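What follows is one structure encoded as structure tokens, with my remarks underneath.
Please treat every number below as a calculation from the coordinates, not as lab data. Since this is a predicted model, take the numbers as computed values, not measurements. As a convention, Cβ positions derive from the backbone with ideal geometry for all residues, glycine included, and neighbour counts pool all protein chains shown.
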Amino acid sequence: QVQLVESGGGLVQAGGSLRLSCAASGRTFSINAKAWFRQAAGKEREFVAAINWNGGSTYYADSVKGRFTISRDNAKNTVNLQMNSLKPEDTAVYYCAASKGVMAPRREGYDYWGQGTQVTVSS
């Protein structure tokens, strides 16, 4: 099994920045792709960004492209999400996810999930 723990969420004003981090433990050698998803109140969980096993390939949702950057440090078993130019519509619980397969922009592609961290952007 793999355990994922997110950190870094909080309250920020529109236009500000936050950096989320996700630490993995357990059978981390089985992990290939990692990703971030988010779920706003009353809405479905949606894809935000994904990164392949060595960080050489990334993929973003159109809504965050140019504002968010995903990165990973395999030596530390972490994946990060740098979020700039935040908007009120970015308010959601952000979830870290890990896959034994290739990166994908859908929930079904991921085997392990964190508990989530709240991000609130005020206008």
What does DSSP give for the chain in terms of the percent of beta bridges that are antiparallel, rounded to the nearest 5?
90 percent
Straight-line reach from LYS43: which lysines fall under 18 Å, measuring Cα to Cα and dropping same-chain residues less than 8 apart?
LYS87
Starting from 0.36 nm per residue, how many nanometres of slack lie between SER17 and LYS65 once their C-alpha separation is accounted for?
15.8 nm
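Full-extension gain between GLU89 and LYS43, please, as 0.36 nm times their residue separation minus the C-alpha to C-alpha distance. Write down the numbers at each step before the final one.
Details: separation 46, 0.36 × 46 = 16.56 nm, distance 1.19 nm.
Additional length available on full extension: 15.4 nm.
How high is the relative contact order of the chain, in percent, with contacts defined as C-alpha pairs under 8 Å that are six or more residues apart? Intermediate results must be reported in sequence, preceding the final value.
Working: 315 pairs, mean separation 44.0, N = 123.
Taking the mean separation of contacting Cα pairs over the length of the chain, I get 36 percent.
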Where a Cα-Cα gap under 18 Å defines reach, which lysines qualify for LYS34, not counting those fewer than 8 residues away within the same chain?
LYS65, LYS76, LYS100
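Where in the stretch 73-117 are there trypsin sites (Lys or Arg not before Pro) that are in a DSSP coil and have at most 14 other Cβ atoms within 10 angstrom of their Cβ?
Values: sites: LYS76, LYS100, ARG106, ARG107; in loops: LYS76, LYS100, ARG106.
Passing both the DSSP loop test and the Cβ count: LYS76, LYS100, ARG106.
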